[in-house]
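Novice: Below you will find the structure I want to go over with you.
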Amino acid sequence: MNAPDVILIIEDNETDQYVARRRLTKRWPNATVVAACDGVEAIAYLDSGSTLPDLILLDINMPRMGGHDFLAAWFGGRAIKIPIVVMLTSSTQEEDRRRSSRHPNVRGYLTK
């Protein structure tokens, strides 16, 4: 993967956001890292006209709109530059892994 310009972390836990941001900026110091607390906030950011992210780290279990619902809502029928999505979740449920892998934008599944 080329170095991303913009990375979007969609995660409701502030500690997990912090850890992810630290690791990402260490790996790609020139990347802009943006955080959203759930899918609703992420869609608002993406619809705001801001630069689309090259990489999205996406939690599955979040209030208001979780990761799977975000994938359906944001990518469903949109003709956009396709970012890479990596699920970053505490879920160890095999069904979550299978469901994530069926989405064409999801390239990885990391368990916290």
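The values are calculated or read from the model by the stated rules, or taken from the named source; none is laboratory data. This one's a predicted model, so the numbers in the text were calculated from it and none came from an experiment. Every residue, glycine as well, gets a Cβ built from its backbone with ideal geometry; the counts of neighbours run over all protein chains shown. Ligands, DNA and RNA are stripped out before the accessible areas are found, and what is left, the full protein with its side chains, is counted by its heavy atoms. Shrake-Rupley method; radii C 1.70, N 1.55, O 1.52, S 1.80 Å.
Novice: If you take every DSSP beta bridge whose two residues both sit in the chain, what share of them, in percent to the nearest 5, is antiparallel?
Specialist: On the way: 0 of 18 bridges.
Roughly 0 percent of the beta bridges in the chain run antiparallel, per DSSP.
Novice: Output the relative contact order of the chain, whole-number percent, from Cα pairs under 8 angstrom with separation of 6+ residues. Could you put the intermediate results ahead of the total?
Specialist: Values: 182 pairs, mean separation 27.5, N = 112.
Reported relative contact order: 25 percent.
Novice: Same structure, new question: State to the nearest 20 debye the size of the charge dipole of the chain about its Cα centre, where the only charges are +1 on K and R beta carbons and -1 on D and E beta carbons. Could you put the intermediate results ahead of the total?
Specialist: Numbers: 14 positive and 14 negative charges, 94 e Å.
Value, rounded to 20: 460 debye.
Novice: For segment 1-67, which trypsin sites (Lys or Arg not before Pro) are in a loop by DSSP, counting at most 16 other Cβ atoms within 10 Å? Write out the running numbers ahead of the final one.
Specialist: Details: sites: Arg21, Arg22, Arg23, Lys26, Arg27, Arg64; in loops: Arg64.
In loop regions of segment 1-67 (DSSP not H, G, I, E or B), the sparsely surrounded trypsin sites (Lys or Arg not before Pro) are Arg64.
Novice: Using a 1.4 angstrom probe on the protein heavy atoms only, could you order Thr25, Thr89 from most to least accessible area?
Specialist: Details: Thr25 50, Thr89 0 Å².
Order by accessible area, largest first: Thr25, Thr89.
Novice: Moving to a separate point now. Give me the distance between the Cα centres of segment 13-37 and segment 39-112, rounded to whole Å.
Specialist: Each part's Cα centre sits 16 Å from the other's.
Novice: Could you grab the Rg to Rh ratio for the chain? Cα atoms only, Kirkwood for Rh.
Specialist: Working: Rg = 12.9 Å, Rh = 14.0 Å.
Radius of gyration relative to Kirkwood radius: 0.92.
Novice: Still on this structure, I have one more. Rank Trp28, Trp74, Met62 by how far each Cα sits towards the positive end of the charge dipole of the chain (+1 on Lys, Arg Cβ; -1 on Asp, Glu Cβ) and give me just the farthest.
Specialist: Checked the options; the winner is Trp28.
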